[in-house]
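Written out below as structure tokens is the structure these notes cover.
The values are calculated or read from the model by the stated rules, or taken from the named source; none is laboratory data. Here the structure is a predicted model, which is why all the values come from computation and not from measurement. Because the Cβ atoms are built from the backbone with ideal geometry, glycine has one as well, and the counts that use them run over all protein chains shown. Just so you know, the surface numbers come from the protein's heavy atoms only, side chains and all, with ligands and any DNA or RNA stripped out. Shrake-Rupley method; radii C 1.70, N 1.55, O 1.52, S 1.80 Å.
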Amino acid sequence: MGIKTVYEDCDILVVGGGMGGTGAAYEARYWGRDLKIVIAEKANIDRSGAVAQGLYAINCYMGTQWGENNPEDHVRYARNDLMGLVREDLAFDMARHVDSAAHKFEEWGLPFMKSAETGQYLREGKWQIMIHGESYKPIVANAARNSADKIYNRIMVTHLLMDESKGNRVGGAVGFNVRTGDFHVFRAKAVIIGAGGASHIFKPRSVGEGMGRTWYAPWSSGSAYALSLQVGAKMTQMENRIVLARFKDGYGPVGAYFLHLKTYTQNAYGNEYETTWYDDTKAMVGEYIDHQPTPTCLRNHAFVKEVAAGRGPIHMVTKEAFQDPHLEEVGWENFLGMTVSQAVVWASQDIDPKYINPELTTSEPYVMGSHATCSGAWCSGPEDISPDEYQWGYNRMMTVDGLFGAGDAIGGTAHAFSSGSFTEGRLAAKAAVKYIRDLRNEAMKVSDKQINDFKETVFQPMENYQVGRNEIVSGTVSPSYLLPIQGLQRLEKVMDEYVGGISVNYMTNDKLLERGIELLDTMEEDFEHIGAEDLHQLQRAWELKHRLLTSQSVAQHTLFREETRWPGYYYRGDHMKLDDENWHCLTLSRRDPESGEWAMEKAPVYHIVD
Ligand SMILES: Cc1cc2nc3c(=O)[nH]c(=O)nc-3n(C[C@H](O)[C@H](O)[C@H](O)COP(=O)(O)OP(=O)(O)OC[C@H]3O[C@@H](n4cnc5c(N)ncnc54)[C@H](O)[C@@H]3O)c2cc1C
């Protein structure tokens with residue numbers, strides 16, 4: 001094969017330079033002055049990941065210095081929102097360190113809004129502080145750039161390497177440059193995965209000309225999960241997908257509207273509707289509906305039910321708040337710093353929120369470990385607070401030695417958001433440095449065979465295309481290969497119809513899931529025949545394969561948890577109630593890398609905060 005191979009040997013490899021990855025590089029340098037730290041990023045760290053376009057608020061800040069909140073409060077908050085189930089040790093660990101991350105951001109030049117009276121950071125809500133955040137990502141990227149020895153932009157990491165001298169230990173990663181087509185081999189003593197969450201695994205609301213527009217970043221391709229799954233790392237809570245109530249067609253955020261502008265929702269006939277569904281929800285989830293604040297999924301549930309009852313669409317009442325010129329400005333700016341497309345959609349549809357209450361809708365489901373849900377890898381917790389069962393040596397290390405994670409990659413830590421993900425990166429890096437120090441001079445083995453086998457696998461989709469293309473004279477339908485877009489649409493359709501997407505109002509059951517899993521397994525065989533026309537399509541091909549593996553994990557977990565824990569996110573039609581007696585637990589899975597078989601188990605939830 002005439003493809004150039006580029007080798008890089010390092011101590012710590014950070015896969016993905018988003019919020020978690022930049023935090024990891026920064027902290028790795030602090031503890032590992034003498035270590036070689038490298039980032040491999042599929043885009044460009046200046047504008048990559050979920051924060052690429054900027055943010056308007058840092059959603060996780062305790063404000064302990066001003067006596068606003070303590071880490072324990074945040075654990076209670078996240079636990080409540082997730083219907084009782086989070087990794088409290090990890091959540092506490094993140095919360096006790098997160099303020100210092102925000103202070104760093106300010107020191108590095110991120111403009112924070114401040115209260116004119118107190119000089120304190122301006123609060124949007126109990127946990128959120130407001131920023132002028134268009135340049136949030138370049139600012140944290142700069143810190144990473146000053147810390148890492150080398151940053152490889154435009155490298156799509158496809159697989160992890162394993163140390164062949166010892167079972168179950170990571171040895172680095174491989175991938176390809178999406179511009180030059182070079183094959184890249186990173187041999188590393190420790191790998192920190194910060195490759196983000198997963199969008200586009202369920203069919204999106206935005207189809208046709210809107211295809212590509214999603215709420216979570218469209219380039220979040222599930223790589224964090226797939227890379228971990230490929231090497232047999234245990235995963236947790238992969239069923240815990242999230243559905244968002246957002247402004248229609250642009251997926252524009254509603255947080256600032258609810259919290260700062262104090263706008264509220266009503267049905268098509270101008271009526272409040274959440275109380276209508278109180279009894280219905282109580283019958284499903286019991287006293288959780290009486291918790292304050294109301295868990296997000298339960299508010300979604302009322303939304304979904306109200307629309308299904310024929311009283312949609314649901315509107316956000318903006319007409320009142322927008323009469324105040326200051327709030328009107330904040331309302332528009334909120335999009336301009338974060339989701340410009342929502343402002344464009346409104347302009348194109350003649351919606352001026354000062355005079356028209358815009359529609360909301362519920363999104364397709366997404367999978368992530370850093371926003372308001374907690375899917376991801378099962379990892380070791382901090383040694384001072386984690387129960388023994390949750391602790392195997394190094395903070396944020398997965399069940400594969402030397403493999404760490406941060407942000408969306410790690411399961412159990414809901415409501416970390418941008419600042420919490422950066423903090424998790426720092427925690428993972430500190431532990432990874434310790435791991436490397438403890439290794440001392442222990443040798444690792446990554447054979448040429450392992451590398452060459454991956455090289456063949458990685459470029460196979462281009463080979464498929466080149467050979468198969470000769471069989472057709474025009475068009476995109478070939479008897480020999482599937483294009484990535486065709487594969488993506490097939491995947492999204494199966495996930496949508498069988499695993500609880502928008503077309504079925506988030507409903508699934510054991511029979512649907514079993515059939516869905518069969519179809520996903522067949523797809524795995526079909527995707528061996530993906531054809532990639534060029535390097536761009538090769539990236540799409542690998543993103544698709546990562547999405548498929550993530551989807552299989554979601555389907556397996558959803559089948560395993562026989563209850564409806566989060567109505568409004570999804571429903572198990574055969575088990576329509578929350579079942580604390582049997583399912584007040586975390587779900588764990590491991591996919592055997594050799595056989596592809598899934599093993600499921602329950603893990604206890606330890607409530608370390610009262
Ligand atoms: C629409 C939206 C609104 C949000 N609003 C807020 C908010 O207001 N406040 C807040 O605090 N948080 C907010 N968040 C959450 C925040 O952005 C995330 O929690 C955070 O970015 C997650 O960090 P991460 O490192 O896990 O992933 P990311 O920051 O997404 O980084 C992942 C990185 O990995 C790279 N990557 C992916 N796959 C590969 C691969 N195979 N090889 C190499 N590189 C790869 C990506 O290009 C990216 O750079 C929002 C997120 C979204 C999408």
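In this structure the chain gives 37 Å² per residue of accessible area when probed at 1.4 Å with all protein chains present. Within a straight-line Cα-Cα reach of under 26 Å, LYS262 can be paired with the following lysines, leaving aside sequence neighbours fewer than 8 residues apart in one chain: LYS114, LYS126, LYS248, LYS305, LYS319, LYS354. Assign one of three labels to region 47-91, namely rounded, prolate or oblate, based on the Cα gyration tensor with a ≥ b ≥ c the square roots of its eigenvalues; rounded applies when a/c is under 1.5, prolate when it is not and a/b is larger than b/c, and oblate otherwise. Since a/c reaches 1.5 but b/c is at least a/b, the shape of region 47-91 is classed as oblate.
Think of the chain as having a plus end and a minus end, set by charges on the Cβ of Lys, Arg, Asp and Glu; of ALA224, ALA555, SER206, ALA224 sits farthest toward the positive end of this dipole.
What's the carbon and sulfur percent of the chain's accessible surface, probe 1.4 angstrom, rounded to a whole number?
On the way: 11100 of 22530 Å².
Using a 1.4 Å probe with all protein chains present, the chain comes out at 49 percent carbon and sulfur.
Rg/Rh for the chain to two decimals, with Rh computed the Kirkwood way over all alpha-carbon pairs. Could you put the intermediate results ahead of the total?
On the way: Rg = 23.2 Å, Rh = 24.4 Å.
Rg divided by Rh gives 0.95.
If only the Cβ of Lys and Arg carry +1 and only the Cβ of Asp and Glu carry -1, the dipole of region 264-366 around its Cα centre is close to 220 debye.
Please state the shape class of region 162-207: rounded when a/c is under 1.5, otherwise prolate if a/b exceeds b/c and oblate if not, all from the C-alpha gyration tensor.
Numbers: a/c = 3.42, a/b = 1.72, b/c = 1.99.
Here region 162-207 falls in the oblate category.
Close amide-amide hydrogen proximity is noted between ASP9 and ARG187, each under 5 Å apart and 5 or more residues distant or on a separate chain (H modeled in the peptide plane; Pro and chain starts excluded). Summary of the geometry: region 453-511 and region 537-581, compared by the centres of their Cα atoms, lie 19 Å apart. Overall, the ratio between the Cα radius of gyration of region 1-60 and 2.2 N^0.38 Å, rounded to two decimals, is 1.39. Looking at the chain, the DSSP beta bridges with both ends there are about 60 percent antiparallel.
Kirkwood's formula applied to the C-alpha pairs of region 100-194 gives a hydrodynamic radius of 16.7 angstrom. Here's the list of lysines a cross-link from LYS434 could span, going by alpha-carbon distance under 29 Å and ignoring same-chain residues fewer than 8 apart: LYS36, LYS42, LYS104, LYS137, LYS150, LYS166, LYS189, LYS234, LYS445. With just the Cα atoms defining each centre, how far is region 297-345 from region 140-199? Give it in Å. If we compute the Cα centre of each part, the gap is 39 Å. Summing +1 for each Lys or Arg and -1 for each Asp or Glu among the other residues whose beta-carbon sits under 15 angstrom from that of PRO461 gives -4. The order of the peptides 473-479, 64-70, 260-266 by mean Cβ neighbours within 10 Å, most packed first, is 260-266, 64-70, 473-479.
Using the rule -39500 (n - 2.57) for each DSSP H run of four or more residues, divided by the residues of the chain, the 222 nm mean residue ellipticity is -11500 deg cm²/dmol. Spin-label model, ASP438 to GLU359: label points 7 Å out along the Cα-to-beta-carbon direction sit 5.5 nm apart.
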